[in-house]
Amino acid sequence: MLVYQNFDTGNWEVLLNTAAQAKINLSNHPAADIHPRLNRGATHVLFASNRAGNFDLYVMKVDGSNLTQLTASAGDDVNPVWSPDGSKIAFESYRDGQPEIYVMNADGSNQTRLTVSPDFDGMPTWSPDGQTIAFSSRRTGGYRIYTMDAATGPTKFSDLHTLIAFLLHGHLRETLFILVLILIMIYGLMLYTYLRLIFIPLHKYLFQ
């Protein structure tokens, strides 16, 4: 089962591919629906939509029913991601004028800002044990990957060099770290580089 965003109709929609390869439009709305995430139990889909004005976060059952709005901030809320146990959601928010990392309960309650930076902090990803959040940041100039404690937020930052050291010395050895460098060409010659860390348990496969 796979959920993804699709622009075939000229509008961003959230689609579901079933085991039988059927394509189902889950969002089916004239607004833009983006960044879908399926929870671990494959029962609910989390996504961002601008159907109420700016981008907010929504959740629905995997059949498209029981749509619930989780955020309603003055700025865009995008790039949501479930915690491994499904109890928390980390996301990127522009509600304070610049992109920062927030975390909230799965029902939208207790929305808490974790990062404080004069520049971009976004694209969060959880570690398999739910204790660490990795994210992309431009706080030191160029885009780099940082990690922080999911509970204490900005009190424990470590950059990519520290992360590699952890890996080489056996820390977090239950996890395979894959660094993905995505180059996106926007507005002609302007190139944006996004660094994102993906945590994948060693006993899982990328392709099945």
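The values are calculated or read from the model by the stated rules, or taken from the named source; none is laboratory data. Since we're looking at a predicted model, the values are computed, not measured. Every residue, glycine as well, gets a Cβ built from its backbone with ideal geometry; the counts of neighbours run over all protein chains shown.
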Residues being modelled with pLDDT of 85 or more and surrounded by fewer than 15 Cβ atoms within 10 Å (Cβ to Cβ): count how many of those fall in the range 1-16.
7
Go through the range 1-26 and count every residue that is part of a strand (DSSP E or B) and aromatic (F, W, Y).
1
Just to be sure, is L38 modelled with pLDDT under 95, surrounded by 15 or more Cβ atoms within 10 Å (Cβ to Cβ) and not β-branched (V, I, T)?
yes
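Name the residue that is modelled with the lowest pLDDT, counting only residues in the range 101-126 that are among the small types (G, A, S), surrounded by 16 or more Cβ atoms within 10 Å (Cβ to Cβ) and closer than 26 Å to T68 by Cα.
Top of the filtered list is G122.
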Being surrounded by fewer than 16 Cβ atoms within 10 Å (Cβ to Cβ) and either of a type in the set (S, T, N, Q) or touching a residue at least 60 places away in the same chain (Cβ under 8 Å) (or both) is the filter here; which residues of the range 70-97 pass it?
S87
Find the residue count for the range 42-74, including only residues that are assigned to a loop (DSSP other than H, G, I, E, B), within 17 Å of the chain's Cα centre (by Cα) and not hydrophobic (A, V, I, L, M, F, W, C).
2
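Got at least one residue in the range 2-21 being free of Cβ contacts under 8 Å to residues at least 60 places away in the same chain and within 17 Å of D107 (Cβ to Cβ)?
Keep residues of the range 2-21 that are free of Cβ contacts under 8 Å to residues at least 60 places away in the same chain, which gives 2-21.
Still in the running and within 17 Å of D107 (Cβ to Cβ): none.
No, every residue in the range 2-21 fails to be free of Cβ contacts under 8 Å to residues at least 60 places away in the same chain and within 17 Å of D107 (Cβ to Cβ).
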